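Single-structure report; data block below.
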């Protein structure tokens with residue numbers, strides 16, 4: 001039997017489901033929109049945001065499978081989300 005921690009990213013995304021990914025993208029996009037007026041000159045690349053969210057879910061799935069964790073702690077979810085946002089950088093500034 002194949003270990004759950006060795007699934008490909010596309011297989012993990014299929015298991016997670018598009019609904020959860022789209023909800024997380026909408027949540028993060030909404031948070032950005034709430035605070036973007038405080039950050040003039042910043043922009044959100046939604047393709048990069050989707051990549052960050054998918055990477056988050058792949059990492060989270062692998063971590064939970066490896067450690068036999070059913071539910072992630074909210075602080076760990078937030079830290080992993082910020083880790084991927086920091087790596088992929090979907091929010092950027094444009095100089096005028």
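Read-outs: derived from the displayed coordinates by stated rules, not from any lab. Computed from a prediction, not measured in an experiment: that's the story for all the values here. When we count neighbours, we look across all protein chains shown, and the Cβ atoms used for this are built from the backbone with ideal geometry, even at glycine.
Here each label is just a point 7 Å from Cα along the line to Cβ, and for residue 51 and residue 74 those points are 3.1 nm apart.
Counting neighbouring beta carbons within 10 Å and listing from fewest to most, the residues 38, 95, 83, 60 come out as 95, 38, 83, 60.
Taking the C-alpha atoms only, the angle from helix 46-67 to the longest principal axis of the chain is near 30 degrees. To the nearest ten degrees, helix 18-35 and the longest principal axis of the Cα atoms of the chain are 30 degrees apart. Taking 7 Å steps out from each Cα toward its Cβ at residue 63 and residue 87 produces label points 1.1 nm apart. Among 89, 24, the ranking by other beta carbons within 10 Å of each residue's beta carbon, starting with the fewest, stands as 89, 24. Counting only C-alpha contacts under 8 Å and six or more residues apart, can you give the relative contact order of segment 4-93 as a whole percent? Value for segment 4-93: 42 percent. To the nearest ten degrees, helix 74-88 and the longest principal axis of the Cα atoms of the chain are 60 degrees apart. Once Rg and the Kirkwood radius are both taken over the C-alpha atoms of segment 4-93, their ratio Rg/Rh works out to 1.00.
When a footprinting reagent is the concern and you count Cβ atoms within 10 Å, what order do 42, 81, 8 take, fewest first?
On the way: 42 14, 81 20, 8 9.
If I rank by nearby Cβ atoms, fewest first, I get 8, 42, 81.
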